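See structure below.
What follows draws every value from the coordinates through simple rules; no lab data is involved. Not measured: the values here are computed from a predicted model. As a convention, Cβ positions derive from the backbone with ideal geometry for all residues, glycine included, and neighbour counts pool all protein chains shown.
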Amino acid sequence: MSSVFYQVDLNPIEPILFGGTRASRMGEDHLIRDQEPQPQVIFGAIGANIATKAGAWPNRSQWDTHAKPYLGDFVPQLDAGDESRAELYGYCYKDFLGHEYFPLPRHVTVIKEPQTLSTLPLPILEEKETVLTASSQSEFTHVPFRDPEDSADDEEVYEEPLLVSADALKEFLCGQSFGETLREAIAPTEEIFLPEPRSGLGMDVSRGVTQEGLLFTRPYRRFRSNVNAETGQWATAGIRAWFKTLQRLPTDWANQHPLTFLGGDRGRAWIHYGDPQDELPWVDMLEEIQKYVNEASYFLIYLLTPAVRELNWPHLHVNGNNFEPIAAFTDKEIPLSGWNASASPPAPRPKRTLIPAGSVFVYKWPEGSNQEQRQQLLRDLWLAPICPAYRNAGFGRILTGVWS
C-alpha cells in the first residue's frame, strides 16, 4: 500500500482553548493551565475533516466503504500503532506569512540583548568521572559543560517559551550556534498567538443556575492575523502539519468542508491541504545536516512532537542496532489525559506522561561507522516515531542532527 504526504494548514478563526485535559484532574477545584496543542488534537482535527469529506463522519456506519481507503481502520485507542493507518508525521507553528516556527531545542541557551535575542555557543559534552546520585543527569554517561567565558548571568537568560525559524533549527541540528542575531530567527510565542484568559461562573446544569463561589478562568489563545502584503489577502497564523494518507485524496475534495474543530471547546479553524507529495517533509534540511556527520562526535534527536514517557529514556532501534542516550536536554514532563468519546460509555483516557517537544537526546555513532553509514542512519530516523505504539496520533516524532 502506497503512502501520500499532505501539508495541512490549520488557521484558527476564533480563540482556541488547548488546556482541555480536565479528565486528568480530580475534584471541582483545579487550575486549567495553558498548554501546547497535543498531537492527538491535531491528528483528530485532520482525520475528522477527511472523514467528513468522505461522508463517514460523524456517522461512522459508512467508514469502511468511504473513509477506510484513505485513513485505514477506525481505532480510538492511542497506543495501537499501525503503519497501515493514517499517521500524523509532525507539526509546527506558522506565522500569517507562512513562515514556519519550531520549539527551541533545549540544548540552546538564549540571552536577552538590548535590541534582540541571541544564543550562547553550544555546550560541549564531558564523560562523567563519578556517578551523580541526586541529579536528573544520573542516568546518563555524559554531562554538558560550558566555558565560564561563554556563560551568561541568570538575569540575561531568556526563560519564557521561544520558537525558532526553520533556518535556525537547521543550524542547531547541524551542530552550529546560530551566528546572526536576527530577530526573525528566534521569536517569543507572542509572535504567533496572544494569551486571552476568559472568566466564567460554574453552572449547575441540572437546574440551570450558577454555583455559588465557583469562578473559573480558561486560557484561550488568539492567533495573530494581518494582511499579506504580497497577496493582499487577509491571513492568519496557525498550525502547519504533515499528514500521511493511504492514497491520494480526490481533487474535488479541496473546497469541500473547509472547516475543522480544534481544542477543548471545538474552536473553528479553516483547513487547507497542499499538493500531495511522496517524499518525507523537510528533506532539504536533512540533506544539509548530513554534510556534517564526519565533523560530529555524536548524533542527536530533537523531539518535534511530545513523546510518551516510557520506562526508559528514548532508546533507538535501527537496522538491528540499539542506541541508548548518553546525555539529555529536556524540561518538566507534561501530564496528558483526555476523553474517549468512542468508548461505551464514554470515559476518561488513561493518564500518560509526555516528554516535551524540543527535548534533545544525544547518542554515540555506531562503532567503526563511515560517512555513508552515518548519513543513512540520520535518514532512517528522520521523522520516525520513538514510541511506535503511539505513531498514528503523531507522538514522539523526531528530527535528527549532529553534535560537533
Legend entry - Two-site FRET efficiency, ARG33 against GLU367, from Cβ-Cβ distance with R₀ of 41 Å, rounded to 0.05: 0.35
Inset, instruction - Run the quick spin-label model on PHE216 and LEU97: label points 7 Å from Cα toward the beta carbon, then report their separation in nm to one decimal. - result: 4.0
Legend entry - Tensor-based shape of segment 283-403 (alpha-carbon gyration tensor, a/c under 1.5 rounded, otherwise prolate or oblate): prolate
Legend entry - Relative contact order of the chain, defined on C-alpha pairs under 8 angstrom at six or more residues apart (%): 28
Inset, instruction - Would you calculate the separation in nanometres between label points at GLN62 and ARG268, each defined as 7 Å from the Cα along the Cα-to-beta-carbon direction? - result: 2.2
Legend entry - Dipole of segment 59-123, positive end: most advanced residue of TYR93, LEU120, ALA80 [Cβ charges, Cα centre]: LEU120
Inset, instruction - State, as an integer percentage, the relative contact order of segment 283-403 based on alpha-carbon contacts under 8 Å between residues 6 or more apart. - result: 40
Legend entry - Burial ordering of ILE186, ILE301, fewest other beta-carbon atoms within 10 Å first: ILE186, ILE301
Inset, instruction - Would you look at the GNM of the chain, springs on alpha carbons closer than 10 Å, and say which of PHE243, PHE216, PHE96 moves the most? - result: PHE216
Inset, instruction - Select from the chain the helices, each a whole stretch of DSSP H, whose alpha-carbon atoms run 20 Å or more along the helix axis and whose Kyte-Doolittle mean is at least -0.5; answer none if there are none. - result: 39-54
Legend entry - (i) 35, 26, 23; (ii) 36, 23, 20; (iii) 35, 28, 19, with the label sought being that of the calculated semi-axes √(5λ) of the Cα gyration tensor in Å: (i)
Legend entry - Length added when fully stretched, SER2-ASP284, from 0.36 nm per residue minus Cα-Cα: 99.3 nm
Inset, instruction - Taking the Cα centre of segment 35-135 as origin, work out the dipole magnitude from +1 charges on Lys and Arg Cβ and -1 charges on Asp and Glu Cβ, in debye rounded to 20. - result: 420
Inset, instruction - Please report, in debye to the nearest 20, how large the charge dipole of segment 283-403 is about its Cα centre when each Lys and Arg carries +1 at its beta carbon and each Asp and Glu carries -1 there. - result: 560
Inset, instruction - Give me the distance in nm between label points sitting 7 Å out from Cα along the Cα-to-Cβ direction at ALA389 and SER177, one decimal. - result: 4.1
Legend entry - Segment LYS291-GLU324, extension gain: residue separation times 0.36 nm, minus the distance between their alpha carbons: 9.5 nm
Legend entry - Gaussian network model of the chain, Cα within-10 Å springs - most flexible of SER61, SER165, SER344: SER344
Inset, instruction - Have a look at PRO348, PRO385, PRO37 and tell me which one the Gaussian network model of the chain (Cα, springs below 10 Å) gives the largest fluctuation. - result: PRO348
Legend entry - Under 15 Å from LYS128, Cα to Cα: aspartates and glutamates that are on another chain or at least 8 residues apart: GLU139
Inset, instruction - Using +1 at the Cβ of each Lys and Arg and -1 at the Cβ of each Asp and Glu in segment 283-403, identify which of SER369, LEU399, SER359 lies farthest towards the dipole's positive end. - result: SER359
Legend entry - Given charges at beta-carbon only (K, R positive; D, E negative), |dipole| of the chain in Debye: 1880
Inset, instruction - Determine, for ASP380, ASP79, the number of other Cβ atoms within 10 Å of each Cβ, and report the residues in order from fewest to most. - result: ASP380, ASP79
Inset, instruction - Report the extension gain between ASP380 and ALA229 in nm, rounded to one decimal, defined as 0.36 nm multiplied by the number of residues separating them, less their alpha carbon distance. - result: 50.4 nm
